[in-house]
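As structure tokens, the structure follows; a few thoughts come after it.
The values are calculated or read from the model by the stated rules, or taken from the named source; none is laboratory data. If you're wondering where the values come from, they're calculated on a predicted model, not measured in any experiment. Note that each Cβ is placed from the backbone with ideal geometry, even for glycine, and that neighbours are counted across all protein chains shown.
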Amino acid sequence: MKYRIATVAIAVFVLLSPQNMFAACPNITGPHNWPTCAATYYDYDVSECASTSQPSDSDVCGLAGYSYNYVSPGGEAFTTYSFTVAGSGGTNWELRQRVDFTETQNSQFDFVWLRLTVTRSGSQIYSNMFFTHNGTEGDGCYYPGVTSFSAQNGDVIAVEVGSQALYSGTTISVSDPILLRFAC
């Protein structure tokens, strides 16, 4: 009887506790002032927001402000960052991400790709493979640019990262995504 009461008490406590009591995925801050309107930041921390076994690297390409928690360990790797949109704000979004690619064999079999999807009521309404790169295209630090898209409350936003590093000496590092939700 004591165990049943304790279990019920814990269950009620967890159900009634505020969501902020536990780590949020993604970390939401703002609004921040932008030249045209306010933007809310959705910053991912891979330890809280994605399923991955990739090690982390904090200073890839010397790009301040970006955390690199996706570093290909060799072979094939895949990570998805996703969340359901809630709260206040507009429907205009931007995605920002960085990639560091080092490869010694000039091989098409060493590659990385980034894809953004938006799903509404179980149906995918948007998909954009916004960055692909392989070893034949050379080494470098890449900023795929700003990817703009639309999403509303209840939609699921997912950023997928895939890579293959077959040859030794190949290093593929991808920053955690930063999403901005604009209020205008």
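Scan the stretch 110-129 residue by residue and report those that are basic (Lys, Arg) and either under 30 Å from residue 170 (Cβ atoms) or in contact (Cβ under 8 Å) with a residue 40 or more places away in the chain (or both).
115
Within the stretch 145-163, track down each residue that is modelled with pLDDT of 90 or more, surrounded by fewer than 22 Cβ atoms within 10 Å (Cβ to Cβ) and under 19 Å from residue 111 (Cβ atoms).
160, 162
Looking only at the stretch 97-108, count every residue that is surrounded by 14 or more Cβ atoms within 10 Å (Cβ to Cβ) and either free of Cβ contacts under 8 Å to residues at least 60 places away in the same chain or of a type outside the set (Gly, Ala, Ser) (or both) and tell me the total.
Number satisfying all stated conditions: 8.
Do any residues in the stretch 76-96 that are under 12 Å from residue 152 (Cβ atoms) and surrounded by fewer than 16 Cβ atoms within 10 Å (Cβ to Cβ) have Cβ atoms under 8 Å from those of residues that are modelled with pLDDT of 85 or more and among the charged types (D, E, K, R), where the two are at least six apart or on different chains, and which pairs are they?
Partner pairs satisfying both residue conditions: 84/155.
Okay, residues lined up against (1) under 28 Å from residue 150 (Cβ atoms); (2) modelled with pLDDT under 85:
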{"residue": "64", "(1), (2)": "no, yes"}
{"residue": "67", "(1), (2)": "yes, yes"}
{"residue": "71", "(1), (2)": "no, yes"}
{"residue": "74", "(1), (2)": "no, yes"}
{"residue": "85", "(1), (2)": "yes, no"}
{"residue": "89", "(1), (2)": "yes, yes"}
{"residue": "94", "(1), (2)": "yes, no"}
{"residue": "97", "(1), (2)": "yes, no"}
{"residue": "100", "(1), (2)": "no, no"}
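Scan the stretch 168-179 and report the pairs whose first residue is in contact (Cβ under 8 Å) with a residue 24 or more places away in the chain and within 18 Å of residue 44 (Cβ to Cβ) and whose second residue is of a type in the set (A, V, I, L, M, F, W, C) and outside any strand (DSSP E or B), with Cβ atoms within less than 8 Å and a gap of 6+ or a chain change.
That search, which allows pairs on different chains as well, returns 173/60; 173/61; 175/60; 175/63; 176/46; 176/49.
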